[in-house]
Amino acid sequence: MKVKAKRLWIPLIIILALGIFFRTFNFSKGFSFAHDQDLYSWIAKDIFTNKHLRLSGQVTSVDGVFIGPAYYYLMTLTYAIFDMNPLSAIVPLTLIGVINIVSIYWIFKRFFGEKVGMLGAFIEAISFGMASFDRWSVPTQPTILWCIWFLFIILEFSRGRLKHLWLYAVLVGLLWNVHIALLPILPIPILVYFIFPIKFREKIARIKIKQILLALLIFILVNSPFFIFEIKHNFSQIKSTIAAMKVKNIGPSGWQKVDKVLNASGIEFQQRLVLGWENFEVNWLWLGVIVIFGVILIRKQINIAEFIGITFWILLILLAQFTSKRPVSEYYFSNLLPLIILLVSLFLGNFKNIFIYILGAIYLGINIFWLITKTDMNNSYYYRKQLVDYVQKEALKNNYPCIAVNYIADPGVGVGFRYLFWYDGIRLIKANDKVPIYNIVIPWQISEKEISAHFGRFGVINPKPMKKVEAATCQDIKYNLDPLLGYTE
């Protein structure tokens, strides 16, 4: 038995090592440091250096609705430990990725056996698309982890077990901190519990008052920042959400909207599981999902309650995006990925090991190729930091106490630099004729003859040297920069 257990641990350790490799390889060149990363860095700085404790994070795409503060406190802790270095994000991101892999292995193994657990963990670990999601440092990055454990609750309740009702309460309580778009799927565990094939009276008898009261208490405690925020601000988020529902839909409707939803979700599946194969009709991926689901049902690998739970999850997310007044984005379908990985793992579990080993080796090789070729992004943290370091040296050489920066770029492109300037000790103020103005050109090729230096996609045009910059100009509050979009005090 000890030898067998040791044999099982060896492949899992290898899978975890591969997962860590995929999430850390060439990190600085593959780390997208744009507006969201700049913004959470400023909020982390505000929490740590200004001791400004927050009940919420940044405003979402729905005006007046914010995301919860959990991710910002996680980043604040990491920044505090690593002297406010933005690259310290690698620690919580990699840790979340490893927990994702272990969670998938343990949950899939618990309900469907060792083979399915290993397959699921392997796909999660070495799919470059999934690793890229884990490397993408945004406040909603823990979505996959939340969904994996929400799937666990569905599988538990579908077997008539309420032992983990407390965990259900934790997940519901954390929803504001993860992704409010997951709200439609919250009732599914209750639905599958009552579908579980035993007498209704016995189902009711299994529900203990102590469990319910404990779950309610946990929910209130976990979600207390939201309740306190709403009370302090006259229930502004609830009002904003209701107002957003009344906004007239200006996008496609009918079959056009159906096609948009299927296309966006298909793109998300393709980007996360077969990243490099862009040249095919992604809507057809849904046909593959249906076929795989059919095979699993025919082979009775899942019970009726599990089938209904997974189906309702998929349909509710698709329906929510179809009826939403907001633009449809691939991002809203990332919560379906743990379900897809489960279905694929169950399907592959029907094949002989030799076939799985060959297929796994091919998939690993392809994903390593994508990892090597797609992690050197010309707009990454690495090249932004190079540009900021260059400007810092120029400013120090000329004894500038402060500078201004202007972006020669399309709207929304000139982002992801402000925190880096602060981190390099450079004071930025609004552009005026009393300070040197450095022009950042994106992409640098549009001003190729004028640029002083370029790094990746970014170029910089140095200003004409100024003899003296008055310190009083740097301190004048009328030249203070406006807050970043989404930043609130």
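Does Phe25 satisfy being buried (at least 19 other Cβ atoms within 10 Å of the Cβ) and touching a residue at least 40 places away in the same chain (Cβ under 8 Å)? It is false that Phe25 is buried (at least 19 other Cβ atoms within 10 Å of the Cβ) and touching a residue at least 40 places away in the same chain (Cβ under 8 Å). Scanning region 331-390 for residues that are of a type in the set (A, V, I, L, M) and over 30 Å from Trp149 (Cβ atoms) turns up Ile354, Ile358, Ala361, Ile362, Ile372, Met377, Leu387, Val388. Restricting attention to region 370-397, the residues that are part of a loop (DSSP other than H, G, I, E, B) and either among the aliphatic types (A, V, I, L, M) or closer than 18 Å to Lys434 by Cβ (or both) add up to 1.
Residue pairs, Cβ under 7 Å, 6 or more apart or interchain, first in region 98-109 and under 15 Å from Ala131 (Cα atoms), second at pLDDT below 95. List them. Between residues of region 98-109 that are under 15 Å from Ala131 (Cα atoms) and residues that are at pLDDT below 95, the close pairs are Asn100/Asp134.
Yes/no matrix, rows are residues, columns are (1) out of contact with any strand residue (DSSP E or B) (no Cβ under 9 Å at 6 or more places or on another chain); (2) more than 30 Å from Ile43 (Cβ to Cβ); (3) modelled with pLDDT of 95 or more; (4) crowded, with 24+ Cβ neighbours inside 10 Å:
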{"site": "Ile107", "(1), (2), (3), (4)": "yes, yes, yes, no"}
{"site": "Phe122", "(1), (2), (3), (4)": "yes, yes, yes, yes"}
{"site": "Ala125", "(1), (2), (3), (4)": "yes, yes, yes, yes"}
{"site": "Phe152", "(1), (2), (3), (4)": "yes, yes, yes, no"}
{"site": "Leu171", "(1), (2), (3), (4)": "yes, no, yes, no"}
{"site": "Ile180", "(1), (2), (3), (4)": "yes, no, no, no"}
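Scanning region 418-444 for residues that are more than 19 Å from Tyr382 (Cα to Cα) and either in contact with a Leu (Cβ under 7 Å, 6 or more places away or on another chain) or free of Cβ contacts under 8 Å to residues at least 24 places away in the same chain (or both) yields Leu428, Ile429, Lys430, Asp433. Residues of region 6-13 include none that is touching a Pro at 6+ places or on another chain (Cβ under 7 Å) and touching a residue at least 60 places away in the same chain (Cβ under 8 Å).
Within region 287-302, is there a residue that is within 15 Å of Phe269 (Cα to Cα) and under 24 Å from the mean Cα position of the chain (by Cα)? Within region 287-302, one or more residues are within 15 Å of Phe269 (Cα to Cα) and under 24 Å from the mean Cα position of the chain (by Cα).
Can you tell me how many residues in region 1-28 are of a type in the set (D, E, K, R) and modelled with pLDDT of 95 or more?
1
Checking Pro197, Pro225 one by one, the residue that is loosely packed, with under 14 Cβ neighbours inside 10 Å and assigned by TED's automatic domain parsing to the domain that holds Ala320 is Pro197 and no other. The residues of region 80-92 that are within 21 Å of Phe417 (Cα to Cα) and either of a type in the set (Val, Ile, Thr) or crowded, with 23+ Cβ neighbours inside 10 Å (or both), listed by number, are Pro86, Ala89, Ile90.
Considered as a group, the residues in region 47-79 that are among the aliphatic types (A, V, I, L, M), over 30 Å from Lys246 (Cβ atoms) and surrounded by 19 or more Cβ atoms within 10 Å (Cβ to Cβ) include one that is farthest from the chain's Cα centre (by Cα), and that residue is Ile47.
Pairs are defined by a Cβ separation below 9 Å, a sequence spacing of at least 6 or placement on different chains, a first member in region 456-474 that is in contact (Cβ under 8 Å) with a residue 60 or more places away in the chain and surrounded by fewer than 17 Cβ atoms within 10 Å (Cβ to Cβ), and a second member that is of a type in the set (Ser, Thr, Tyr) and part of a loop (DSSP other than H, G, I, E, B); the pairs so defined are Met466/Tyr400. Remark: pairs (first residue in region 300-311, farther than 19 Å from Trp149 by Cα; second residue assigned to a helix (DSSP H, G or I); Cβ separation under 6 Å; 6+ apart in sequence or on different chains) = Gln301/Leu346. Scanning region 304-313 for residues that are of a type outside the set (Gly, Ala, Ser) and crowded, with 21+ Cβ neighbours inside 10 Å yields Glu306, Ile310, Trp313. Ala44 meets the conditions (1) among the small types (Gly, Ala, Ser); (2) touching a Ser or Thr at 6+ places or on another chain (Cβ under 6 Å); (3) over 20 Å from Arg418 (Cβ atoms); (4) crowded, with 18+ Cβ neighbours inside 10 Å in every case but one. The failed one is (3). Where helices (runs of 4 or more DSSP H) sit wholly within region 266-355, those with at least 3 residues that are modelled with pLDDT of 90 or more, touching a helix residue (DSSP H, G or I) at 6+ places or on another chain (Cβ under 9 Å) and farther than 22 Å from Ser127 by Cα occupy 284-298, 304-323. None of Leu18, Leu53, Leu95 is in contact with a helix residue (DSSP H, G or I) (Cβ under 8 Å, 6 or more places away or on another chain) and without any contact (Cβ under 8 Å) to a residue 24 or more places away in the chain except Leu53.
Checked against the criteria, Asp36 counts as charged (D, E, K, R), at pLDDT below 95, surrounded by 19 or more Cβ atoms within 10 Å (Cβ to Cβ) and under 28 Å from Leu175 (Cα atoms).
The values are calculated or read from the model by the stated rules, or taken from the named source; none is laboratory data. Not measured: the values here are computed from a predicted model. Please note: Cβ atoms are built from the backbone with ideal geometry, for glycine as well, and neighbour counts cover all protein chains shown.
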